[in-house]
Amino acid sequence: QVQLVQSGGGLVQPGGSLRLSCAASGSISGIYAMGWYRQAPGKQRELVARIINDGSTNYADSVKGRFTISRDNAKNTVYLQMNSLQPEDTAVYYCKVVRFGDNYWGQGTQVTVSS
């Protein structure tokens with residue numbers, strides 16, 4: 001089992017920045033990918049960014065150039081740096097870890113972009 005604890009998020013004005021963190025614990029060996037998803041009200045959960053254990057990254061087109069995913073292997077933590085936030089980025093953000101074909105989800109954290 002993998003346990004995930006998210007931190008960060010909150011309320012920010014358009015154009016502002018936030019950083020999300022997700023710390024993994026438990027059976028962390030063999031983690032293949034770590035990533036961030038988001039779900040806005042009335043919408044499906046969507047991939048925001050992910051990082052594979054070889055260091056390669058994928059981003060949703062809507063966040064390219066604004067968001068950066070990174071991973072600290074020593075701390076078993078994945079980060080999402082979000083810059084130039086816009087109201088359409090408002091959603092609950094979830095961390096996800098893939099390990100031996102199993103998906104593990106964080107508890108979710110609200111990000112609200114509003115003036």
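The values are calculated or read from the model by the stated rules, or taken from the named source; none is laboratory data. On a predicted model such as this, the values are computed, not experimentally measured, just so you know. Every residue, glycine as well, gets a Cβ built from its backbone with ideal geometry; the counts of neighbours run over all protein chains shown. Side chains included, ligands, DNA and RNA excluded: accessible areas come from the protein's heavy atoms. Shrake-Rupley method; radii C 1.70, N 1.55, O 1.52, S 1.80 Å.
The table below lists the values:
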{"read-out": "Segment 1-103 - percent relative contact order, Cα under 8 Å, separation 6 or more", "value": "35 percent"}
{"read-out": "For segment 48-115, diffusion coefficient by Stokes-Einstein and Kirkwood Rh (Cα), 10 °C, 1.306 mPa s, µm²/s", "value": "120 µm²/s"}
{"read-out": "Computed E for residue 27/residue 81 - FRET, C-beta separation, R0 25 angstrom, nearest 0.05", "value": "0.35"}
{"read-out": "Size of electric dipole in the chain: Cβ of Lys, Arg +1 and of Asp, Glu -1, about Cα centre, debye, nearest 20", "value": "60 debye"}
{"read-out": "Per-peptide average of other Cβ atoms within 10 Å, ordering 19-29, 51-61 highest first", "value": "19-29, 51-61"}
{"read-out": "Calculated P(r) of the chain - Cα pairs past 20 Å, %", "value": "35 percent"}
{"read-out": "Rg/Rg_ref, segment 1-63, where Rg_ref = 2.2 N^0.38 Å and atoms are Cα", "value": "1.28"}
{"read-out": "Per residue value of the accessible surface for the chain (all protein chains in place, 1.4 Å probe), Å²", "value": "52 Å²"}
{"read-out": "Contour minus Cα-Cα distance for residue 88 and residue 102 (0.36 nm per residue)", "value": "2.0 nm"}
{"read-out": "Whole-percent carbon and sulfur share, accessible surface of the chain, 1.4 Å", "value": "45 percent"}
